[in-house]
Amino acid sequence: MTTATDVNQPTLQPAAPGSRRMSLPVLLLVIAGALALTSIVRIITGADGITNVSQMSTALELAVPIGLAGLGGLWAERSGVVNIGLEGMMILGTWFGAWAGYQWGPWTGVLIGIIGGALGGLLHAIITVTFNVNHIVSGVAINILALGVTRYLSPMAFVGHEGGSAKQSPPVDSLGQFTVPGLSDWLTTLNSKGWFFISDLAGLLGGLVTDVSWLTLIAIALIPGTWWVLWRTSFGLRLRSCGENPIASESLGVNVYKYKYIAVIISGGLAGLGGVFLSLVANPFYLEGQTAGRGYIGLAAMIFGNWMPGGLALGAGLFGYTDSLNLRGGSENVHALLLLGAILLAIGAIWLAVKKKYVSAVITLVVGVLAFLWYATTNEVPSQIVSATPYVITLLVLSLSAQRLRMPKADGLPYRKGQGK
């Protein structure tokens, strides 16, 4: 017999079949192993740029909007609502953030940008929760609507102001940055030594303490904050129960509609904050098209992270790093990463063979050999490949991690109040 206390039990969140949640020590060991392999590749190829402080700092800056979009998707989907509209909500965040920022200051722009994204989330909630429209259709419609609305408003809001045009806002004042005195210089010096692993670790840590925006700190804090709210509070438990079994949740007195609305509005606000980051930190102005599909990549990062904040952060970091290759030594660095990819594929083939998945092991090994041959027979990769690298990595990572994923059971499913009676 089901009792009111059952909703407080962790059985609402079963593990994916055949998978185990990675513990923190194991996760740190995996990160250290990946960094060690990267260090070996750096030494062999001479591509010092793949782990220097500037590269890591740029990667962090590019990972933040992806991570915020993914975090928005996590909130929505944990309540059972698929949010393909993250891209449109980011667009609203970029526009409203810059529009308010150049008039009333950057922090006001942050607030208004969050509200702009949240309005997109509210619209998505009305369409999907109240009117029960297909979630994918609603999300695509919001993406199109956001693009159309901002394109319509831009000439009226920006033309005639200094630095503004029909596709670009006037510049916005900086939110400010900080660098940890002493530590940043020491890590930069250590990174320049070129030592195995130590210099690469210094580059990674140096990127976290050098020219970091205050908004970056807020974004990083939202990762553990989301985990605590969703997994350590009764509010979070009720919200997640709506994404697992809304009928059972309703029978235990949970107002499913309310929690879905709250989650999707927060989702839009977080995506809007990601858009604000693009128009106030990455660039000090709004520019039409500047989201460049990051809402979709954020959704991919969330899926890669198995609908968990920690995994989402790793996915955002990976996609942000590959995106940063476009800006700093792209051709040389991507060429070096071909060797790293070949090594990782060889390790993956060995692991699959140990698991007795021989066909998958052979395919993985063949792809690894092809990657190595590409590296060995060329000195650089075409610029088109560099630009496409983040999207290729997105597809590759999702395809390799698909077997261990488990989305919330009721994610995307239609729900009507009282349908369980």
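So which pairs qualify, if the first residue must be in region 146-159 and modelled with pLDDT under 95, the second must be of a type in the set (K, R), the Cβ gap must be under 8 Å, and the two must be at least 6 apart or on different chains?
If the second residue must be of a type in the set (K, R), no pairs are left.
Just to be sure, is A292 of a type in the set (A, V, I, L, M), in contact with a helix residue (DSSP H, G or I) (Cβ under 6 Å, 6 or more places away or on another chain) and either more than 18 Å from M407 (Cα to Cα) or assigned to a helix (DSSP H, G or I) (or both)?
Criteria not met by A292.
Can you report the number of residues in region 76-91 which are open to solvent by 10 Å² or more (accessible area, probe 1.4 Å) and farther than 14 Å from A301 by Cβ?
Of the residues in region 76-91, 3 are open to solvent by 10 Å² or more (accessible area, probe 1.4 Å) and farther than 14 Å from A301 by Cβ.
Taking the criterion of being in contact with a Ser or Thr (Cβ under 7 Å, 6 or more places away or on another chain), under 9 Å from I66 (Cβ atoms) and modelled with pLDDT of 90 or more, would at least one residue in region 285-297 satisfy it?
Yes, region 285-297 contains a residue that is in contact with a Ser or Thr (Cβ under 7 Å, 6 or more places away or on another chain), under 9 Å from I66 (Cβ atoms) and modelled with pLDDT of 90 or more.
Kindly provide the set of residues from region 123-144 that are among the aliphatic types (A, V, I, L, M) and exposed (fewer than 15 other Cβ atoms within 10 Å of the Cβ), ordered by number.
I126, I136, V137, I144
Name the pairs whose Cβ atoms lie under 9 Å apart, with the first residue in region 218-233 and more than 20 Å from K260 (Cα to Cα), the second among the β-branched types (V, I, T) and part of a helix (DSSP H, G or I), and 6 or more positions between them or separate chains?
I218/V110; A219/V64; I220/V64
Residues are listed down the side, and each one gets a yes or a no for (1) modelled with pLDDT under 90; (2) under 30 Å from V140 (Cβ atoms); (3) hydrophobic (A, V, I, L, M, F, W, C):
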residue	(1), (2), (3)
T3	yes, no, no
L24	yes, no, yes
G73	no, yes, no
M90	no, yes, yes
G97	no, yes, no
A100	no, yes, yes
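Quick one: how many residues across region 366-385 are in a helix (DSSP H, G or I) and surrounded by fewer than 18 Cβ atoms within 10 Å (Cβ to Cβ)?
11
Take the residues of region 181-199 that are open to solvent by 50 Å² or more (accessible area, probe 1.4 Å) and touching a helix residue (DSSP H, G or I) at 6+ places or on another chain (Cβ under 6 Å): which is farthest from G85 (Cα to Cα)?
Going through the qualifying residues, I end up with K193.
Do we have S279 as in a helix (DSSP H, G or I), modelled with pLDDT of 95 or more and touching a strand residue (DSSP E or B) at 6+ places or on another chain (Cβ under 8 Å) here?
It is true that S279 is in a helix (DSSP H, G or I), modelled with pLDDT of 95 or more and touching a strand residue (DSSP E or B) at 6+ places or on another chain (Cβ under 8 Å).
Table: residues versus (1) under 26 Å from the mean Cα position of the chain (by Cα); (2) surrounded by fewer than 16 Cβ atoms within 10 Å (Cβ to Cβ); (3) part of a helix (DSSP H, G or I); (4) modelled with pLDDT under 90.
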position	(1), (2), (3), (4)
V362	no, yes, yes, no
S387	yes, yes, yes, yes
V392	yes, yes, yes, yes
V397	yes, no, yes, yes
S401	yes, yes, yes, yes
M407	yes, no, no, no
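Regarding region 92-104, can at least one residue be identified that is of a type outside the set (S, T, N, Q), open to solvent by 10 Å² or more (accessible area, probe 1.4 Å) and free of Cβ contacts under 8 Å to residues at least 12 places away in the same chain?
Scanning region 92-104 turns up at least one residue that is of a type outside the set (S, T, N, Q), open to solvent by 10 Å² or more (accessible area, probe 1.4 Å) and free of Cβ contacts under 8 Å to residues at least 12 places away in the same chain.
Residue by residue, here is whether (1) β-branched (V, I, T); (2) part of a strand (DSSP E or B); (3) touching a Pro at 6+ places or on another chain (Cβ under 7 Å) holds:
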{"position": "D173", "(1), (2), (3)": "no, no, yes"}
{"position": "W186", "(1), (2), (3)": "no, no, no"}
{"position": "T189", "(1), (2), (3)": "yes, no, no"}
{"position": "G194", "(1), (2), (3)": "no, no, no"}
{"position": "D200", "(1), (2), (3)": "no, no, no"}
{"position": "G203", "(1), (2), (3)": "no, no, no"}
{"position": "G206", "(1), (2), (3)": "no, no, no"}
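So the check is Cβ under 8 Å with 6+ separation or different chains; which pairs have a first residue in region 176-195 that's on the phi > 0 side of the Ramachandran plot and a second one that's surrounded by 14 or more Cβ atoms within 10 Å (Cβ to Cβ) and outside any helix (DSSP H, G or I)?
Going by the 8 Å Cβ cut-off, the qualifying pairs are G176/S213.
Give just the number: which of (1) more than 14 Å from the chain's Cα centre (by Cα); (2) open to solvent by less than 30 Å² (accessible area, probe 1.4 Å); (3) at pLDDT below 95; (4) of a type in the set (A, V, I, L, M) does A248 not satisfy?
Every listed condition holds for A248 apart from (2).
The values are calculated or read from the model by the stated rules, or taken from the named source; none is laboratory data. Predicted model only: the values in this text are computed from it and were never measured. Because the Cβ atoms are built from the backbone with ideal geometry, glycine has one as well, and the counts that use them run over all protein chains shown. To get the accessible areas, we keep the full protein, side chains included, count just its heavy atoms, and leave off ligands, DNA and RNA. Shrake-Rupley method; radii C 1.70, N 1.55, O 1.52, S 1.80 Å.
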